[in-house]
Amino acid sequence: MSSTAYDPNNIFAKILRGEIPSHRVYEDESVVAFMDVMPQGTGHTLVVPKAPSRNLLDAEPAALGQLAIAVQKLARAVKAAFVADGVTVLQFNEPASGQTVYHLHVHVIPRFEGVPLKPHTGDMEKPDVLAANADKIRAVLKG
Ligand code: AMP
């Protein structure tokens, strides 16, 4: 098996299976979205396809359309939930790019004029802050 094979015990696979907790804000038949525990900004959300792939490089092209639609949905929701000025969308492939969890995911980060992103995989956020932010996003998605 090559070193870039998909590992079904990666942390996001465990979150998708409900084996470890997350602050889930959205789910449909193809994706789950939850709060990043080391946010680079307020409301930093991860959009994760249910289909297993290590990253964009080995993903089934057919799964990417649904992922992109969910990313747009979450980008609009976080922008509204936090009254943000913009949204940064990031996605990393393999360690050289900064990827640290090897199940495809897209970062959706609300942005505010003049506020820089915090470091990638920096400080852990308090669970109550993540829970409150998740509530705000869920409220927008609920309409
Ligand atoms: P990447 O470097 O693109 O693979 O990003 C992985 C992201 O997952 C980082 O932003 C981490 O803060 C985040 N992360 C790691 N573990 C968890 C977890 N258990 N729940 C939510 N986010 C996580």
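The values are calculated or read from the model by the stated rules, or taken from the named source; none is laboratory data. As the structure is a prediction and not an experimental result, all values here were calculated from the model. Cβ coordinates were reconstructed from backbone atoms using ideal geometry, including for glycine residues, and neighbour counts include every protein chain displayed. To get the accessible areas, we keep the full protein, side chains included, count just its heavy atoms, and leave off ligands, DNA and RNA. Shrake-Rupley method; radii C 1.70, N 1.55, O 1.52, S 1.80 Å.
Quick notes on this one:
- In the set (1) away from the ligand (no atom under 12 Å from the Cβ); (2) in a helix (DSSP H, G or I); (3) not acidic (Asp, Glu), Leu130 fails one condition alone, (1).
- Search result, residues across the range 17-33 that are within 13 Å of the ligand (Cβ to nearest atom), of a type outside the set (Val, Ile, Thr) and in contact (Cβ under 8 Å) with a residue 40 or more places away in the chain: His23, Arg24, Ala33
- Note on the range 34-53: residues that are surrounded by 21 or more Cβ atoms within 10 Å (Cβ to Cβ) and either free of Cβ contacts under 8 Å to residues at least 60 places away in the same chain or more than 29 Å from Gly86 (Cα to Cα) (or both) amount to 2.
- Qualifying residue in the range 64-77 (condition: basic (Lys, Arg), open to solvent by 70 Å² or more (accessible area, probe 1.4 Å) and under 25 Å from Asp135 (Cβ atoms)): yes
- Within the range 34-54, the set of residues being more than 20 Å from Arg111 (Cβ to Cβ) and near the ligand (Cβ under 8 Å from one of its atoms) is empty.
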